[in-house]
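See structure below.
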Amino acid sequence: MKKCLLVFALSSFCFLDAFCQSLIAVQNNNTPQFFSEANEAFDAAVEGDTLYFPAGSFSIERIINKRLHIIGVGHNPEGTSATGATIFADGDGNRGVIVYGNGGGGTLTGISFVNVNCNSNDCASVRIDSDINGLIIDRVYMPNDLLTYTGTISNLLVVRSILRRFSVLDINGFQPFGLINNNIILTKSNRAKNISIESNIFFYSNTFQDDVLGANGCNISNNIFLDDNPLSGTVNSSIRNNFGINFNGLSGSNISSGNINSSTYTPSEIFTNYFSSANYSYEFDLTLLDGTSLIAAATDGGQIGIYGGRFPWKDGSIPFNPHIISKNISGTTDENGNLQIEVEVQAQGN
């Protein structure tokens, strides 16, 4: 029975692969709808729907005013070698941005946003334009900012993603709340209030002549900072067990303990494969080398950085839904008219 089911599935895959992989599926309970254009899919979706995006580039021109779960096939070249990445862009193929308005939220995972050289205040990959409650961003590549613009957010969870920087602040007296954990942060001038910032790696960049992180009322723990004096603008915060922090004890309104001075190790003595702090590369292997004290330096006794903590980094950044990671389709049939198809499917847990 298992063999027959597999043969049928492979036959269906053979005929429908090219067609199905180009469509966006909108799942409402057990009833799917299929669309070739992203904005039509967003218009058709209702509160709580899941939108499955295939590989390809999609123009997003809608404000998200409902709770939706947006799932792509991934952004990492290794994890998307068989399918290609899911890429969000604007109508001209330039910078992609998702804007959340009143009632928006949900889940965003497995998406790569188009990069553009942009230093303005509204330069975002994900932008919050109204006060919203509940947004999970997981395994997403955001070469521009995560930005609370004219609104802010409570119950925010940003994990296992790559982003240029974040600005999650109080707007009009509304206080944000959430976690920014186990991410790769590409540049300086990050801003946060009332957020827990744990187990991230902050890279060095001269894009912004500013401190790495200016935080107010935040828990900052188990991070790796690859820049000098990273927290000069931080106040009213708990700063514990980070690498690259030059003080312990009381400093102004901050309290600090268990931090490791950056002079203890150079980055090449921390990571398995690392060759520059100025520009992140997918070729980096940011697992910690054996023998460094960072492996057991976290507040919970585990390692600091992206492979420790509550949401350890997932190599390949494959979304949690089943995903084709390799396929091999023969160019000819055998003597019985059968076409040999080999498909490897993988999903990563939460």
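Key figures for this structure:
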item	result
Positions within region 241-258 being of a type in the set (Ser, Thr, Tyr) and modelled with pLDDT under 85, in sequence order	Ser251
Verdict on Ile245 being β-branched (Val, Ile, Thr) and assigned to a loop (DSSP other than H, G, I, E, B)	yes
The listed residue being crowded, with 24+ Cβ neighbours inside 10 Å and in a strand (DSSP E or B), out of Ser196, Ser167, Ser125	Ser125
Positions within region 184-193 being within 18 Å of the chain's Cα centre (by Cα) and assigned to a loop (DSSP other than H, G, I, E, B), in sequence order	Leu186, Thr187, Lys188
Selection count where residues are part of a loop (DSSP other than H, G, I, E, B) and modelled with pLDDT of 95 or more, scope region 128-164	4
Residue in region 170-183 that is surrounded by the most Cβ atoms within 10 Å (Cβ to Cβ), counting only those that are under 16 Å from the mean Cα position of the chain (by Cα) and not in a loop (DSSP other than H, G, I, E, B)	Ile180
Residue list for region 162-188, restricted to those being among the polar types (S, T, N, Q) and farther than 19 Å from Gln303 by Cβ	Ser167, Asn172, Gln175, Thr187
Count - residues of region 21-37 that are without any contact (Cβ under 8 Å) to a residue 24 or more places away in the chain and either over 17 Å from Ile87 (Cα atoms) or not polar (S, T, N, Q) (or both)	9
Which numbered condition Ile255 fails, given (1) touching a strand residue (DSSP E or B) at 6+ places or on another chain (Cβ under 8 Å); (2) assigned to a loop (DSSP other than H, G, I, E, B); (3) farther than 25 Å from Leu163 by Cβ	(2)
Test: residue in region 273-283 that is more than 23 Å from the chain's Cα centre (by Cα) and of a type outside the set (A, V, I, L, M, F, W, C)	no
Region 74-97: number of residues that are modelled with pLDDT of 90 or more and farther than 21 Å from Glu283 by Cβ	2
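Table: residues versus (1) surrounded by fewer than 16 Cβ atoms within 10 Å (Cβ to Cβ); (2) under 19 Å from Thr187 (Cα atoms).
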position: Phe243; (1), (2): no, yes
position: Ser256; (1), (2): no, no
position: Ser262; (1), (2): no, yes
position: Ile270; (1), (2): no, no
position: Glu283; (1), (2): yes, yes
position: Asp290; (1), (2): yes, no
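The values are calculated or read from the model by the stated rules, or taken from the named source; none is laboratory data. Since this is a predicted model, take the numbers as computed values, not measurements. Here the Cβ is made from the backbone with ideal geometry for all residues, glycine too, and neighbour counts use every protein chain on show.
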